[in-house]
Amino acid sequence: MPPSPRLIIIGLDCMEPSLVFEQWREDLPNLSRLMTQGSYGRLESSIPAITVPAWSCMMTGRDPGELGIYGFRNRATRAYQNMTIADGRAVRFPRLWDYLGDAGWKVAALSVPGTSPPYEVNGSMVSCFLTPSPQVTFTHPPELGAQIRSWMPDFMMDVPEFRSEDKAEILSNIHKLCDQRFTLAEKLIVQDQPDFLMLVDMGVDRIHHAFWKPMDPRHPDYQPDMPFATAIHDYYCHVDERVGRLLAQCDDDTAVLVVSDHGAQPLMGGICINEWLIEKGYLTLKEKPSDPIALDKVEVDWENTKVWGAGGYYARIFLNVRGREPQGAIPLQEFKAFREQLISELESITFPDGSPMEVKAYVPQETYQKVRGMAPDLLVYFDWLAWRSVGSVGTGELYAKGNDTGPDDANHAQYGLMIFHDPKAPQGGQVLENAQLYDITPTMLDRYGVDGPSDLRGKVLSI
């Protein structure tokens, strides 16, 4: 057996702790063994609890404000509706593998969100799901891409069209994506003999969005005996089996960290945030659309608009401030008072039956250590993410059944998971409390005696 990594990180995007730790633990022998022999617990995500920026927060030890990345899309300028995708070029801080590489470790980072386009590391990198296609340069070194295509001619960057009704095709592609990532990790362990290897499987996230409804009686559209009722359970078992196969390639000295960036829960409904703002008189359209349409596809009367919003797992709220936005309507001296009033009004939104909904509006300047770039003025969670934000206008309703961007069964949850086992220092089933994803990088640097910055957000966990 060739030398195996000192440390492997297995990232499982969106893996839900309650399913692993409680509901299905007996069906997941490899993850259960790691839990029994090591440390495990829920891992609090970033705010917002989404893939972009959560993985970059975890790997840099920086929060979204320091990164200047507040979601999958961010304002590029103060111009209205000018949002750009935050790819790897938006991450301007070293990641865990950069610190390890500088300390002489040979590293391999495979499909970690925030690594497209790939960049030079002391080892190899395969870029993430934001890669346009395998026809562009998606690896460092570049020639690794040709080798991967020789191993897997149909190498996938992501599951195509995972928000659609072609469920059988989606399920097949999810399994294929998972197998490709784990097989690639196994091949690179043999070929490159890295000291550190990290892979991220996006299939867990994709299967939640596509197949949560038939699994969970809490889902509003659940019916007994629906097709694909066991798809998520079976996939968790498949991932567990692939984890076991990967670790079987490693010797008794390899430490392993299994981690998810956030959890998952049934999608209970949507709040049409821009419809709410129109009803309040804060957002004015020049012409009311007859059918639901994205806000950036209609003409907004910006001179008479004070607030607009964006949809997603959470709501991003932007205030139209005089002297900051091109046609600002809120005087700067009234900004803070208006924001407080808006928070109060948002937090009074109820469920459709009129019962209280827990709505939490986060102010970036109060949430993050620093605020870089053009942050939303508020980030809003509805019912702790069980309800998503719907950005479309023309619905004529405050409440929506689900997602306006395609069929979707699940929303994110604030807590992911972590499981850590080091054969050299077994913990024996220690349950971790109060762990945050910001803790991962400082903990790993401390454990391996590698110097890192003193201003990382996060603490060193006792693992």
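The values are calculated or read from the model by the stated rules, or taken from the named source; none is laboratory data. The structure displayed is predicted, hence computed values, not measured ones. We place every Cβ from the backbone using ideal geometry, glycine too, and count neighbours over all the protein chains shown. Heavy atoms of the whole protein, side chains included, go into the accessibility calculation; ligands, DNA and RNA do not. Shrake-Rupley method; radii C 1.70, N 1.55, O 1.52, S 1.80 Å.
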Original post:
Relative contact order for the stretch 180-273: what is it in percent, counting Cα pairs under 8 Å that are at least 6 residues apart?
Top reply: 27
Subject >> Inter-site label distance for residue 89 and residue 460 at 7 Å from Cα along Cβ, in nm >> reply: 3.8
**OP:** Within the stretch 29-127, report the GluC sites (Glu not before Pro) that DSSP leaves as loop and that have at most 14 other Cβ atoms within 10 Å.
**Re:** 120
**OP:** Run the accessible area of the chain with a 1.4 Å probe and give the carbon-and-sulfur part as a rounded percent.
**Re:** 47
**OP:** Measure off 7 Å from each Cα along the Cα-to-Cβ vector at residue 137 and residue 286, then give the distance between these two points in nanometres to one decimal.
**Re:** 4.3
Original post:
How big is the antiparallel share of DSSP beta bridges in the stretch 269-407, given as a percent to the nearest 5?
Top reply: 75
Subject >> With eigenvalues of the C-alpha gyration tensor scaled by 5 and rooted, the stretch 160-259, Å >> reply: 31, 14, 10
**OP:** Show which aspartates and glutamates lie in cross-link reach of residue 459 when reach means a straight Cα distance below 12 angstrom and same-chain residues fewer than eight apart are skipped.
**Re:** 439, 446
Original post:
Accessible area of residue 187, 1.4 Å probe, to the nearest 10 Å²?
Top reply: 80
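Once you have the Cα-Cα distance between residue 169 and residue 297, take 0.36 nm times their residue separation minus that, and quote the gain in nm to one decimal.
Length difference between fully extended and current span is 43.0 nm.
Scan the stretch 261-292 for GluC sites (Glu not before Pro) in coil per DSSP, keeping those whose Cβ has at most 14 other Cβ atoms within 10 Å, and list them by number. List each step's numbers first, then the result.
Details: sites: 275, 279, 287; in loops: 287.
Within the stretch 261-292, the qualifying GluC sites (Glu not before Pro) (loop, at most 14 other Cβ atoms within 10 Å) are 287.
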Subject >> Kyte-Doolittle at least -1.0, axis length at least 30 Å by Cα - qualifying DSSP helices, the chain >> reply: 167-192
Subject >> Pairs of alpha carbons in the stretch 269-407 whose separation is greater than 28 Å (percent) >> reply: 14
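Once the other residues with Cβ under 14 Å from the Cβ of residue 92 are scored (Lys, Arg +1; Asp, Glu -1), what is the net sum? All intermediate terms of the calculation are to be shown ahead of the outcome.
Details: positive: 62, 89, 95, 370, 372; negative: 63, 66, 87, 98.
My count for the surroundings of residue 92 gives +1.
Out of every Cα-Cα pair in the chain, what percent are more than 41 Å apart?
18
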Original post:
Under a 1.4 Å probe, what is the accessible area of the stretch 269-407 per residue, stated in Å²?
Top reply: 46
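For residue 76 and residue 384, calculate 0.36 nm times their separation in residues minus their Cα-Cα distance, and state this gained length in nm to one decimal. Walk me through the numbers before you get to the answer.
Working: separation 308, 0.36 × 308 = 110.88 nm, distance 2.77 nm.
Between residue 76 and residue 384, full extension yields 108.1 nm more.
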Original post:
Counting pairs on different chains as well as pairs 8 or more places apart, how many Lys pairs in the stretch 269-407 have Cα atoms under 19 Å apart?
Top reply: 12
Subject >> Chain lengthening between residue 152 and residue 33 when straightened (0.36 nm per residue, less Cα-Cα) >> reply: 39.7 nm
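Per the Kirkwood formula on distinct C-alpha pairs, the Rh of the stretch 399-463 is how many angstrom?
Working: mean 1/r = 0.0668 Å⁻¹.
When all Cα pairs of the stretch 399-463 are included, the Kirkwood radius is 15.0 Å.
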**OP:** Compute the distance in nm between two label points, each set 7 Å from the Cα along the Cα-to-Cβ direction, one at residue 355 and one at residue 401.
**Re:** 2.2
Subject >> Computed [θ] at 222 nm, helices only, for the chain once each DSSP H run of length n ≥ 4 contributes -39500 (n - 2.57) >> reply: -8000 deg cm²/dmol
Original post:
For the chain, what is the percent of antiparallel DSSP beta bridges, rounded to the nearest 5?
Top reply: 55
**OP:** Calculate I(q)/I(0) for the stretch 320-394 by the Debye formula, one identical point scatterer on each C-alpha and no solvent, and give its log10 at q = 0.14, 0.18, 0.20, 0.23 Å⁻¹ to two decimals.
**Re:** -0.58, -0.91, -1.05, -1.21
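Return the FRET efficiency for the residue pair residue 223, residue 369: r is the Cβ-Cβ distance, R0 is 56 Å, and the value is rounded to the nearest 0.05.
Values: r = 46 Å, r/R0 = 0.83.
That pair, residue 223 with residue 369, gives E of 0.75.
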Subject >> the chain: relative contact order as a whole-number percent, Cα under 8 Å and 6+ apart >> reply: 28
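Which whole-number percent gives the relative contact order of the stretch 269-407, counting Cα pairs below 8 Å spaced six or more residues apart?
Relative contact order of the stretch 269-407: 38 percent.
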